[in-house]
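So the structure is just underneath, and the comments pick up after that.
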Amino acid sequence: MRFAKKDILDIESLDPLEISMILDTAQGMKEISERPVKKVPTLRGKTIVLFFQEPSTRTRLSFDTAAKRLSADSLSISKSSSSIVKGETLIDTAKNLEAMKPDVIVLRHPSSGAAHLIAGRVKASVINAGDGIHAHPSQALLDMMSVREKKGKIDGLKISIIGDIAHSRVARSDIAGFSKMGAQVFICAPPTMIPMGIEKMGCTVSPNMETCIEGADVIMMLRIQKERQGNILFPTEREYATLFGLNRNRLGLAGKDVLIMHPGPMNRGVEISSDVADSGGSIILEQVTNGVALRMALFYLVAGGGRHADSH
Amino acid sequence: MQILIKGARVLDPGSIDGQKDILIQDGLIHAIVDPGAESPGVNGPEPGLEVIDAGGMILVPGLIDIHVHLREPGQEYKETIETGLQAAARGGFTAVCSMPNTVPVNDNSQVTQFILQRARELGLSRVYPTGAITRGSKGQTLAEIYDMQQAGIVAVTDDGRPLENSNLMRRALEYCKGLDIPIFVHAEDMELVDGGSMNEGQTATFLGIKGIPNAAESIMVVRDIALSEMTGARVHFCHISTRESVEAIRKAKKRGVNVTCETAPHYFTLTDEDIKDYNANFKMNPPLRSEADRQAVIEGLVDGTIDLIASDHAPHSVVEKDVEFDRAAFGIVGLETSLPLSLKLVQDKKLTMEALVDKMAKTPARIIKASNDIKQGNPADLTLIDPDDTYVIDPSTFKSRSRNTPFAGMKVRGSAFLTVVAGKIVYQRGKE
């Protein structure tokens, strides 16, 4: 089977076979990062532009590391160093990048749909590294990879996602991905953080934290954004932690060998207590390790083969 | 110069419905005669007489779109009074109400006079300007409404933004009642909108676009019904899009409150599920709603709760539309698609042709106190509709300077064949 997609824009546009292919490829890539010389020549001569219009440390570093381990040339543009601040439109910036003949553009952008907007205008493959509150496919894929690696499967697992679903692109992509691969996804948050119609994406809204994590195989805690404190979604971090924080007591309700995940960065003591974050079930740092392998797989699949079936 | 429109079904709801020949002379409707009767032109061409063969077509009082953004002065890159009125003429509209959110805002008689002067020079469709309720439409102090009324405005509105201060709204209504001028209300609670850019619902959740709840509209509709009830002043609600608003207005009318309302063709044609690929040509305010809302809007048109159809023609350039969805400007052009989209309601047997003409010509005229009746001696403002013209909407053919429409590529039936304003042909299909 050949990977036929030009772009990786969201999970919805990938079918289960393509997702499996990405996860398998990523699993194969993982070993490269264990070698003393962590570099293979696979993408030598390919140019990858990391176009980050939003602050990001780990995701950009992860994509950058992935590109370098495959010997691609990676270039970074951030908001302050781009002409966007001079009033250039996103499409114009993308067309200018295109003129320099990159093979892949990795875009992070605060507007939902931004990656879709440029994907149709450039020949380069576009990988969405997070657009607004819409999608973060590479994060969901690395989450699926991490779960599959530990549990041997995704199908039939109970996945519980707790936190600000409404403003989380990670949650949307994880709900879509895990449900597509046959898991039962349960979500929980204050109703102020549950967006209308989210069940239709393939999840069940639990009435409380306890119901949500009861018998769970995987618990994924989302970051509560301290910067939203001035907002009106919940009164205090203290009260949030009381109602929706993951601590030792609650963890007892989950299934044996439950995996604890977090896309980072964590607020210890708010959505997750320190002891849980550092406990044996926590695979938070393995998520980061797998992130590099997964992104290597994405680069390889979109830029490593021949022409894409759907290239335009 | 005389014009004879021959062989059309002449339809002026409540007064005429039948095949008639209409003779136009000196800008007026000179004669309405039965076919075959002795009239100029029946025996062949005559000098100074233009004969329009209108067999199979419907001649109606000139259509009036009471909600149009002409953008001039100030935003001529989006639209000018000239291109806007050309678009109106092509769409079959003999008159439009211009919205005051120009740059500068039409909040004083000089801007009103400029718009009217420009429209007079052009000699296309008529313009009935609306003025701002408050200075600069800032919602703080009343504009000189009487002065603008003397200059020619027919209504006041801060369209594009709500009048958030309820006490100021109350005083504006009382003041306008004294001047017998209606307020056109843009009903929107900005706090509830909270930066949203499409209808709140499943589609918005999937697309990751911040939603605008129905209540952002209906909460203000309910407030202004209460204020109209209290003051007895005339309130006209613009671009109604939700089932809750329709229901609130229905009940208010039953109680005898002095309110009217309009909706726009996109609200009875599309829903939020039609938004594809983050195409900002589907972004307008209020946003495309759910199917239940679309059905409620149609129901409101059918039972008379919704008095009229207006397009909310809102031209924007590519620069403002070919961008990230949440950063794109709100609004779509409507003058050149309003008639065919509305005729679909007749084709689908939701409305009779009479009811549609009422909602697109007669009721708008009543609201702004204009007369477009088809009767002898009246100014000849007429629209000749070809109900069978079938075509695909192609924005490249638009007269409007902007092309921001969600209807590109849609197959429709019905168009304006001829638009006559004050006895002058301002548009004739095929003779552009």
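Is it true that some residue in segment A:88-105 is surrounded by 14 or more Cβ atoms within 10 Å (Cβ to Cβ), without any contact (Cβ under 8 Å) to a residue 24 or more places away in the chain and aliphatic (A, V, I, L, M)? Scanning segment A:88-105 turns up no residue that is surrounded by 14 or more Cβ atoms within 10 Å (Cβ to Cβ), without any contact (Cβ under 8 Å) to a residue 24 or more places away in the chain and aliphatic (A, V, I, L, M).
A quick yes/no check of all residues on (1) under 24 Å from A:I77 (Cβ atoms); (2) hydrophobic (A, V, I, L, M, F, W, C); (3) touching a strand residue (DSSP E or B) at 6+ places or on another chain (Cβ under 7 Å):
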| position | (1), (2), (3) |
| --- | --- |
| A:K6 | yes, no, yes |
| A:D10 | yes, no, yes |
| A:P16 | no, no, no |
| A:I19 | no, yes, no |
| A:G28 | no, no, no |
| A:R35 | no, no, no |
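Here A:F63 does not qualify as surrounded by 14 or more Cβ atoms within 10 Å (Cβ to Cβ), in contact with a Lys or Arg (Cβ under 9 Å, 6 or more places away or on another chain) and within 14 Å of chain B (Cβ to nearest Cβ). Note on segment B:270-292: residues that are of a type outside the set (A, V, I, L, M, F, W, C) and away from every other protein chain (no Cβ under 14 Å) amount to 3.
Being within 12 Å of chain B (Cβ to nearest Cβ) and either within 19 Å of A:M201 (Cα to Cα) or within 17 Å of the chain's Cα centre (by Cα) (or both) is the filter; apply it to segment A:121-141 and report the residue that is surrounded by the fewest Cβ atoms within 10 Å (Cβ to Cβ). Quick ask: steps written out before the conclusion?
Restricting attention to segment A:121-141, the residues satisfying the condition of being within 12 Å of chain B (Cβ to nearest Cβ) are A:121, A:128, A:130-136.
Checking the rest, the ones that are also either within 19 Å of A:M201 (Cα to Cα) or within 17 Å of the chain's Cα centre (by Cα) (or both) come to A:128, A:130-136.
On the way: A:N128: 28, A:G130: 27, A:D131: 28, A:G132: 22, A:I133: 26, A:H134: 26, A:A135: 30, A:H136: 26.
Restricting to residues being within 12 Å of chain B (Cβ to nearest Cβ) and either within 19 Å of A:M201 (Cα to Cα) or within 17 Å of the chain's Cα centre (by Cα) (or both), the top hit is A:G132.
Just one of the listed residues (A:I162, A:I198, A:I224, A:I219) is modelled with pLDDT under 95, among the hydrophobic types (A, V, I, L, M, F, W, C) and closer than 29 Å to B:K210 by Cα, and it is A:I224.
In segment A:81-95 there is no residue that is part of a helix (DSSP H, G or I), within 24 Å of the chain's Cα centre (by Cα) and more than 14 Å from chain B (Cβ to nearest Cβ). Annotation for segment B:234-244: no member residue is surrounded by fewer than 20 Cβ atoms within 10 Å (Cβ to Cβ), within 14 Å of chain A (Cβ to nearest Cβ) and more than 24 Å from B:T130 (Cα to Cα).
The single condition among (1) under 22 Å from A:G132 (Cβ atoms); (2) touching a residue at least 40 places away in the same chain (Cβ under 8 Å); (3) among the hydroxyl-bearing types (S, T, Y) that A:S76 does not satisfy is (2). Scanning segment A:47-71 for residues being touching a Gly at 6+ places or on another chain (Cβ under 9 Å), at pLDDT below 95 and part of a loop (DSSP other than H, G, I, E, B) gives a total of 2. Among the conditions (1) away from chain B (no Cβ under 14 Å); (2) surrounded by fewer than 23 Cβ atoms within 10 Å (Cβ to Cβ), the only one that A:L50 does not satisfy is (2).
Listed conditions (1) more than 14 Å from chain B (Cβ to nearest Cβ); (2) of a type outside the set (V, I, T); (3) within 25 Å of A:P16 (Cα to Cα); (4) crowded, with 17+ Cβ neighbours inside 10 Å are all met by A:G182, apart from (4).
If you filter segment A:96-120 down to residues that are closer than 20 Å to A:L301 by Cα and not hydrophobic (A, V, I, L, M, F, W, C), you find that the one that is nearest to the other protein chains (Cβ to nearest Cβ) is A:H116.
Being touching a Lys or Arg at 6+ places or on another chain (Cβ under 8 Å) and within 14 Å of chain B (Cβ to nearest Cβ) is the filter here, so list the residues in segment A:199-220 that pass it.
Keep residues of segment A:199-220 that are touching a Lys or Arg at 6+ places or on another chain (Cβ under 8 Å), which gives A:201-202, A:209-210, A:213, A:215-218.
The answer is A:M201, A:G202.
Residue count for segment B:148-162, restricted to those that are under 14 Å from B:T130 (Cβ atoms) and at pLDDT 95 or above: 10. Evaluating A:R69 against the criteria (1) within 14 Å of another protein chain (Cβ to nearest Cβ); (2) touching a residue at least 24 places away in the same chain (Cβ under 8 Å) leaves one unmet condition, (1).
Residue check: B:T269 meets all listed conditions (1) within 30 Å of A:S13 (Cα to Cα); (2) surrounded by 24 or more Cβ atoms within 10 Å (Cβ to Cβ) but one, namely (2).
Restricting segment B:248-277 to residues that are within 15 Å of B:I332 (Cα to Cα) and part of a loop (DSSP other than H, G, I, E, B), which is farthest from the chain's Cα centre (by Cα)? It would help to see each step written out before you state the result.
Taking segment B:248-277 first, the residues within 15 Å of B:I332 (Cα to Cα) are B:263-272, B:274-275.
Still in the running and part of a loop (DSSP other than H, G, I, E, B): B:264, B:270-271, B:275.
Details: B:A264: 7, B:L270: 17, B:T271: 20, B:I275: 23 Å.
Residue satisfying both the conditions and the ranking: B:I275.
Scanning segment B:174-204 for residues that are among the charged types (D, E, K, R), crowded, with 16+ Cβ neighbours inside 10 Å and within 14 Å of another protein chain (Cβ to nearest Cβ) yields a single hit, B:E200.
Scanning segment B:62-87 for residues that are more than 23 Å from B:K375 (Cβ to Cβ) and outside any loop (DSSP other than H, G, I, E, B) gives B:H67, B:V68, B:I81, B:E82, B:T83, B:G84, B:L85, B:Q86, B:A87.
Considering only residues that are at pLDDT 95 or above and among the hydroxyl-bearing types (S, T, Y), which ones fall in segment A:169-195? Hits for segment A:169-195 are A:S173, A:S179.
Report whether or not A:I77 is more than 25 Å from B:S197 (Cα to Cα), modelled with pLDDT under 95 and either crowded, with 16+ Cβ neighbours inside 10 Å or within 14 Å of chain B (Cβ to nearest Cβ) (or both). So A:I77 fits the description; yes. B:E46 meets each of the listed conditions (1) out of contact with any Ser or Thr (no Cβ under 6 Å at 6 or more places or on another chain); (2) under 27 Å from B:L343 (Cα atoms) apart from (2).
Of all residues in segment B:72-100, those satisfying the criterion of being under 20 Å from B:I145 (Cα atoms) and crowded, with 24+ Cβ neighbours inside 10 Å are B:V96, B:C97, B:S98, B:M99, B:P100.
Among the residues of segment B:108-152, count how many are in contact with a Cys (Cβ under 9 Å, 6 or more places away or on another chain) and farther than 23 Å from B:K424 by Cα. Even if it seems obvious, please write down each step before you answer.
Here is the first cut: in segment B:108-152, the residues in contact with a Cys (Cβ under 9 Å, 6 or more places away or on another chain) are B:127-130, B:133, B:145.
When the remaining residues are screened for being farther than 23 Å from B:K424 by Cα, the result is B:130, B:133, B:145.
Result for segment B:108-152: 3.
Taken over segment A:185-198, the criterion of being within 14 Å of chain B (Cβ to nearest Cβ) and within 19 Å of A:I260 (Cα to Cα) is satisfied by A:I187, A:A189.
The values are calculated or read from the model by the stated rules, or taken from the named source; none is laboratory data. Please read all numbers here as calculations on a predicted model, not as lab measurements. Note: ideal-geometry Cβ built from the backbone for every residue, glycine included; neighbour counts use all protein chains shown.
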